[in-house]
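Visitor: Dropping the structure in here first, questions after.
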Amino acid sequence: MISQSLMWNKFTQSIQEPIGTPPLPNRSATGTPVFNPGPPTRVLSGVYGGSSAAPPRLTPRSSSLNLNLSNSSNVSLVGAGSRQGTPAPGVVNVAGGVGYRSAVSSSKPSEGKEALKKLGDILGSKPLTNGRVEEEESPLAALSLDEDLDFGDLSIDTFLQQDTSIPQRTSQDQPVIEQTVEDYEKEKDKFQDLHRSIKACDEVLQSVESYLSSFKTDLGRVSAEIETLQNRSLALNTRLNNRKDVEKLLAPILEDVALSPAVIQVVAESDVNENWVKSLQEADRKIKALDRRKAQNIKAAEDVKPELEKLTNRAIERLRDYFVTKIKSLRIPNTNAQIIQQTGFLRYKELFGFMARHHPQLADEIGQAYINTMRWYYLSHFQRYQKALEKIKLHIIEKSDLLGLEDTNRRGPLLPGMKASVPSSVDAITLGRRFDTYKNQDAPLVQAQAAEDEKGSHYIELPFRSYNLALVENVAFEFTFLTEFFAHKKFDQVSKMFHQIFDPTLNAGQAFTKSLIDNSLDALGILLCVRLNQQCAFVLQRRRVPVLENYINGTNILLWPRFQVVMDMHSENLRKSAGGSGRQSAIATAANDMARQSAAPHPLTQKFAQFMHSLLSLNSDGGDDEPSTNSLRRIRSDFEAFLTKLSASISDKPKRERFLFNNYSLTLTIISDTEGKLAVEQKSHFEALMKAFSPEHSR
């Protein structure tokens, strides 16, 4: 009986909640103590999850129940956590058993000491004589409730059943609590219910232990897997870093040697267009990159190079066919070569450069085919244009239209009854609207069809301007095309190609100019051609086309000598008018008779002044070293000699001087609106002559 009392005292002390002294158990109406252990929620709150709050008068104490389960898994059942309203870490709350709930459902909480006393009575301790049960200290009462009990590897049942060798106290130290069998029998059901609850709790704890053990095993497995993943991650990071380092070294090489299949397919099979050009440029970049890496002896580059050579040969074959087709299209009648050059050649000039780099011989052959075709093209077109211009009727200037006394036979009949000859409609002296041909640089050219249908007559500067300006425009465009399309060639080579194309046409142009001026006595027309030729030279200089310099100089060589010849004919005619033999002498005698009768300006003076005005207008931008300057001074001297000789027949000196003054005054008046250095010189000269023969100076 004592052994049982010790075991239960040990159990109750181990599970007692560390609170103040519990209230005494309730007693029945007969005075017999009725055991009411109080709600086990306060005793096993850490196990059953009870949440009964401690009374305000109680002071919490720390008490725990440690279950050392298998696999070194510790489970702590802490009662203090339940009083705080939150389970402590590691505590398993069990929603109380059925027997336990039925045992405490009708009882009220009681104080801890009364519950111990009642338990002692049940176990057989002796009550006090004064009707109150005296407390008998349990053998385990000496243990501090603040200490944690270590069950070791034992369960609660095993721990309670083990033999405890605690020395028994004597009756002098502690009175023995006596309990009758009847009292024990009365409380047996409650203890059995409590035992079942504890057993159920033990089963729950065992399942928790199993779960925790399984969780620990799983956690260890997961930890091992995490460690494995970490190792793999480190290995992958290392491999990634190594690949990045390798990529930095290999990326430039791969970029140089790798060529997509789409690019190869486009170059080998597609038509030549913008997309084809881009693909070929991509392949060309790869080829250039491999050439730069030739000294590095890269195996991949050596493997790719033969394939790129095959692709290059295929591209050159496609380019040959393309350019041959375009060159043939230039031979189609009525074809505009400039449009084909723009759309078919210049747009793909990089392609011809590719051919020139990889197959220079084929590029030269294509270039020679182009030269032959364009030589035929320009020569045939300009020959047709020249024939059209030759159909334009030109004014015929005769010797009688030159500066000098007009033949009276052209004014009236020599004998009565004869018809007078039709006066000439050609004005070889006055420039008039012909000057617009030079000044209006934007005037349209004469079209071939319009030239063939033209019925009127024109001066020689009109066909000359149309032919040479058309030639200059085509030369400028062709030279620009050659420099752009054959950019891989030097200037001397491009210039040679140009002359191979245009020399026949240029020779035809000079022959056309020579045919215009050979039999012409139109000094103003020839001088206009000189100025138009200079204008063409300025246009070529502005466009930076130096290849036509020989043609310009050759044309000047044709024009200037003929101009001097015509000017000499004017001077010769003036000299013959002043005094000669035969018919010219008779005309001069008639003019002298007219001068004796009047001091008015001679009719020849007006023609001379108009002629000089035209020459000065065309020389406004000329230089001092031009042949026209000397020719003008020479014809002026001949005119002054003519007036001096004409005035010598006037015996009256004042009248003679007035005659000269009037002629020089008329000349100065007509040329007064001219500009240029040569015009200023001539005006100053005639002002001096007027001053010399003025009436004031004579006085």
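Visitor: Could you check region 327-352 and list, in sequence order, the residues that are closer than 26 Å to Arg384 by Cα and of a type in the set (D, E, K, R)?
Guide: Lys328, Arg331
Visitor: Name the pairs: first residue in region 506-528 and touching a residue at least 12 places away in the same chain (Cβ under 8 Å) and over 27 Å from Arg375 (Cβ atoms), second residue surrounded by fewer than 18 Cβ atoms within 10 Å (Cβ to Cβ) and aliphatic (A, V, I, L, M), Cβ to Cβ under 7 Å, at least 6 apart or on different chains?
Guide: Final answer for the pair search is Leu521/Met569.
Visitor: Within region 248-257, is even one residue surrounded by 10 or more Cβ atoms within 10 Å (Cβ to Cβ), within 25 Å of Lys349 (Cα to Cα) and without any contact (Cβ under 8 Å) to a residue 60 or more places away in the chain?
Guide: The answer is yes; a qualifying residue exists.
Visitor: Further question on the same structure: How many residues does region 475-503 contain that are out of contact with any Leu (no Cβ under 7 Å at 6 or more places or on another chain) and surrounded by fewer than 19 Cβ atoms within 10 Å (Cβ to Cβ)? Before the answer, list the steps.
Guide: Filtering region 475-503 for residues out of contact with any Leu (no Cβ under 7 Å at 6 or more places or on another chain) gives 477-480, 482-483, 486-493, 495-496, 499-503.
Now restrict to residues that are surrounded by fewer than 19 Cβ atoms within 10 Å (Cβ to Cβ): 477, 480, 483, 487-493, 495-496, 499-500, 503.
The qualifying residues number 15.
Visitor: Among the residues of region 324-341, is any surrounded by fewer than 18 Cβ atoms within 10 Å (Cβ to Cβ), small (Gly, Ala, Ser) and modelled with pLDDT under 90?
Guide: no
Visitor: Can you tell me which residues in region 504-516 are within 25 Å of Leu615 (Cα to Cα), surrounded by fewer than 22 Cβ atoms within 10 Å (Cβ to Cβ) and not hydroxyl-bearing (Ser, Thr, Tyr)?
Guide: Residues satisfying the conditions are Gln510, Phe512, Lys514.
Visitor: Counting just the residues of region 507-521 that are touching a helix residue (DSSP H, G or I) at 6+ places or on another chain (Cβ under 7 Å) and assigned to a loop (DSSP other than H, G, I, E, B), which one comes out nearest to Lys387 (Cα to Cα)? Steps first, please.
Guide: So the first thing to find is which residues in region 507-521 are touching a helix residue (DSSP H, G or I) at 6+ places or on another chain (Cβ under 7 Å), and the list is 508-510, 512-514, 516-517, 520-521.
Subset that is assigned to a loop (DSSP other than H, G, I, E, B): 520-521.
Details: Ser520: 19, Leu521: 23 Å.
Among them, the one singled out is Ser520.
Visitor: Ala508 fails exactly one of the following numbered conditions: (1) within 25 Å of Asn440 (Cα to Cα); (2) among the small types (Gly, Ala, Ser); (3) in contact with a Phe, Trp or Tyr (Cβ under 9 Å, 6 or more places away or on another chain). What is the number of that condition?
Guide: Of everything listed in (1) within 25 Å of Asn440 (Cα to Cα); (2) among the small types (Gly, Ala, Ser); (3) in contact with a Phe, Trp or Tyr (Cβ under 9 Å, 6 or more places away or on another chain), Ala508 misses just condition (1).
Visitor: Out of curiosity, is Thr667 of a type outside the set (Phe, Trp, Tyr), under 20 Å from Met567 (Cα atoms) and more than 60 Å from the chain's Cα centre (by Cα)?
Guide: Criteria met by Thr667.
Visitor: Check Asp271, Asp284, Asp291 and return the single one that is assigned to a helix (DSSP H, G or I), loosely packed, with under 13 Cβ neighbours inside 10 Å and either touching a Cys at 6+ places or on another chain (Cβ under 9 Å) or among the acidic types (Asp, Glu) (or both).
Guide: Asp291
Visitor: Say whether the condition of being touching a His at 6+ places or on another chain (Cβ under 6 Å), hydrophobic (A, V, I, L, M, F, W, C) and at pLDDT below 85 is met by at least one residue in region 405-418.
Guide: First, pick out the residues of region 405-418 that are touching a His at 6+ places or on another chain (Cβ under 6 Å): none.
The answer is no; no qualifying residue exists.
The values are calculated or read from the model by the stated rules, or taken from the named source; none is laboratory data. For clarity, every value in this text was computed on a predicted model and none was experimentally measured. Counting neighbours? That spans all protein chains shown, and the Cβs are built from the backbone with ideal geometry, glycine included.
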